[in-house]
Amino acid sequence: MKKTTIILICLTITTICRAQWVAVDSIWRNDVKTVILSRPGSDLEEPLLSIEESVHQLSLQFDILAEQPETMRWTIKHCDANWHIDDLEPYDFIQGFESGPIDNYDFSFTTLTPYIHYTLTFPSMGARFIYSGNYLLSVSLEDEPDSILLTRRFRVTEQSVKLTAECTLPYDGTDLYRRQEVDAYIEAIPGTAGIMLNQQYLNIIAQQNGRLDNRRELRFSGYDGGALAYRHRQENIFDGGNTFRFFDLSNLRTPMYNVQRVERYGGETFAIITPCENRSRKHYTRDAALNGGMKVNVWDRQNKTLEADYVWVNISLPMDTPLLGGSIHIVGALTDWRFDEGSRMEYNTQYKAYTKRLLLKQGYYAYQLLYLPVRSTQAETAQIEGDHRETQNTYSISAYYRSPADRADRLLAVKTVIAGN
């Protein structure tokens, strides 16, 4: 009886954890680096596929700092609109295999830090997704399926409705110089069957750049002609933030943009980034950045994937005294847009500065320094970066749909709009 009770408790806990766990881009082992999931040839774009496309594949690339390869396996699961793994079975969402081995890898060469570069293209030729929505790709060891090395999120869309979006000044007339409003409109496409545009079946999500902490669910506000409108609500208004900071590690012989100096000792390479400044009280300056993205690149080598070296990057923010009541995080693709110990800067009393050291592959990196108050899940841009309505933020608007006849959330359409243009 006791054994049965323990089993039931464990099953209940597992079910609760599965229901509450939110799928995010994560790396679970320190030697796994530079994880990129994208459409082939589009490293800087969101990994987004369409059911209607004939070429229907994504490419996963990552490095493991090692000299001997490991046998690994990939697995795909379907998620709901809020990124919880749902109950769809593989045969419900894909024609083909939802799991398989990763056996394509190459060894680095001419680098101080040895690594093995793994590549996966999925689904295999001839296979295709048959259900739209959110998906989670995980990579684990072949002989230890529970030992996950990394996870990456991607989405499959139907584009079965007309979704439009626009960026405007805040409707409430306050803070016009530091905030941005994003509005959405959705309407049926004539001849499209099976979609009943009822607001109770729709879930419209707005996201600024790659940030998850200020992801918003927009509320239905009425009709605009034949379209359902989601506009002029507080949920539609975002702080403008600032242009992303950036640095270029493409050339380790001659320091590039915002790299103060490069040093080598002990068999490793170290790059000192030009100290950051508090921009909260400075005027807005437009600059070309990747809005938090990253791109592997090396100037003096032909094969950037295998010849780009790893560098210990030192980022600092001078400040006379530490900020109380919260923490400062380096936010962007270089830290998976996470607010955790991997992105948190520590205050150094000796140098009177916040500092952080990251091991990064040669290339171009864009980031922001955001302040996260204690007991808050949403970071603030005003404290360090400042807010400007001119900032060219990229907003992604997603239309999720689930009618009583659907077993899981569908992704009807995705629209991207850039503010500040």
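The values are calculated or read from the model by the stated rules, or taken from the named source; none is laboratory data. Because the structure is a prediction, the values reported are computed rather than measured. Ideal geometry is used to build each Cβ from the backbone, glycine not excepted, and the neighbour counts take in all protein chains shown. Surface areas here come from the heavy atoms of the whole protein model, side chains and all, with no ligands, DNA or RNA. Shrake-Rupley method; radii C 1.70, N 1.55, O 1.52, S 1.80 Å.
Return a whole-number percent for the relative contact order of segment 234-353, with Cα pairs under 8 Å and 6 or more residues apart as the contact set. If you can, show how the numbers build up before the last one.
On the way: 147 pairs, mean separation 26.4, N = 120.
Relative contact order here is 22 percent.
So how much slack lies between THR274 and ARG219, counting 0.36 nm per residue of separation and subtracting their Cα-Cα distance, in nm?
In short, 15.5 nm is gained.
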Sequence of VAL139, VAL22 from largest to smallest accessible area, 1.4 Å probe: VAL22, VAL139
Accessible area (Å², per residue) of segment 140-187, counting only protein heavy atoms and a probe of 1.4 Å: 44
Segment 30-77, accessible area per residue, ligands and nucleic acids excluded (1.4 Å, Å²): 49
Long-range HN-HN contacts of ARG179 with modeled amide H, under 5 Å: GLY240, ARG389
Table column - 3J(HN,Hα) (Hz), segment 201-215, Karplus curve with 6.51, -1.76, 1.60, x for Gly and Pro: 9, 9, 9, 9, 10, 10, 9, 9, 6, x, 6, 9, 6, 10, 5
Expected 222 nm ellipticity per residue - DSSP helices of 4 or more, -39500 (n - 2.57), all of the chain, to 500: -2000 deg cm²/dmol
Protection-proxy order for peptides 344-352, 393-401, each taking the mean of Cβ atoms within 10 Å per residue, highest first: 393-401, 344-352
Global geometry of segment 57-177, whether rounded, prolate or oblate, following the gyration tensor of its Cα atoms and the 1.5 cut on a/c: oblate
Largest-first ordering by accessible area, 1.4 Å probe, given options GLU144, GLU45, GLU390: GLU45, GLU144, GLU390
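Quick check: convex hull of the Cα atoms in segment 109-220, volume per residue, rounded to a whole Å³?
249
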Estimated vicinal HN-Hα couplings, Hz - segment 371-383 in sequence order (Karplus 6.51, -1.76, 1.60; Gly, Pro = x): 9, 10, x, 4, 6, 10, 9, 10, 7, 10, 8, 4, 5
FRET E, pair ARG253, HIS283, Förster distance 45 Å, beta-carbon r, rounded to 0.05: 0.80
Interchain or long-range residues, amide H under 5 Å from PHE247's placed H: TYR365
Accessible area expressed per residue, segment 220-305, with surrounding protein chains retained (probe 1.4 Å, Å²): 55
Pairwise label distance in nanometres, ASP106 with SER403, each label 7 Å out on the Cα-Cβ vector: 4.8
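Measure off, as a whole percent, the carbon and sulfur share of the 1.4 Å-probe accessible area of segment 20-109, all protein chains present. Provide the component values of the computation, followed by the final result.
Details: 2240 of 4710 Å².
Answer for segment 20-109 is 48 percent, counting heavy atoms of protein chains only.
Could you tell me the relative contact order of segment 292-420? Use alpha-carbon pairs under 8 Å, at least six residues apart, and round to a whole percent. Display every interim value, and only then the final one.
Numbers: 227 pairs, mean separation 30.6, N = 129.
With pairs under 8 Å counted, the relative contact order is 24 percent.
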Potential extension, GLN57-GLN350 segment - 0.36 nm per residue separation minus Cα distance: 100.4 nm
Shape category assigned to segment 298-421 from the gyration tensor of Cα positions, a/c cut at 1.5: oblate
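Got a number for carbon plus sulfur as a percent of segment 171-238's accessible area, 1.4 Å probe? Each step should come with its number before you reach the end.
Details: 1550 of 3260 Å².
Its accessible area is 48 percent carbon and sulfur atoms.
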ASN314 paired with GLU144, simple spin-label distance in nm, labels 7 Å along Cα-to-beta-carbon: 3.4
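Can you give me the % of accessible surface on segment 264-394 that is carbon or sulfur? Probe 1.4 Å, all protein chains present, nothing else counted. Spell out each step's value before the answer.
Details: 3040 of 6480 Å².
Here carbon and sulfur together make up 47 percent of the probe-accessible area.
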Residues with amide H under 5 Å from that of TYR354, placed H, sequence gap 5 or more: LEU317, MET319, ASN348
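Kindly identify the chain as rounded, prolate or oblate by the Cα gyration tensor criterion: order the square roots of the eigenvalues as a ≥ b ≥ c, call it rounded if a/c is under 1.5, otherwise compare a/b with b/c, prolate if a/b is larger, else oblate. Spell out each step's value before the answer.
Working: a/c = 1.61, a/b = 1.14, b/c = 1.41.
Oblate, since a/c reaches 1.5 and b/c is not below a/b.
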Karplus-derived HN-Hα couplings along segment 272-282 (A = 6.51, B = -1.76, C = 1.60, θ = phi - 60°), whole Hz, x at Gly and Pro: 9, 7, 3, x, 6, 10, 6, 9, 5, 10, 9
Largest-first ordering by accessible area, 1.4 Å probe, given options ARG264, ARG29, ARG389: ARG264, ARG389, ARG29
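Out of all DSSP beta bridges with both ends in the chain, state the antiparallel percent to the nearest 5. Intermediate values should be presented prior to the final figure.
Working: 110 of 116 bridges.
Rounded to the nearest five, the antiparallel share is 95 percent.
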FRET efficiency estimate (nearest 0.05) - Cβ-Cβ, TYR171 to TRP299, R0 45 angstrom: 0.45
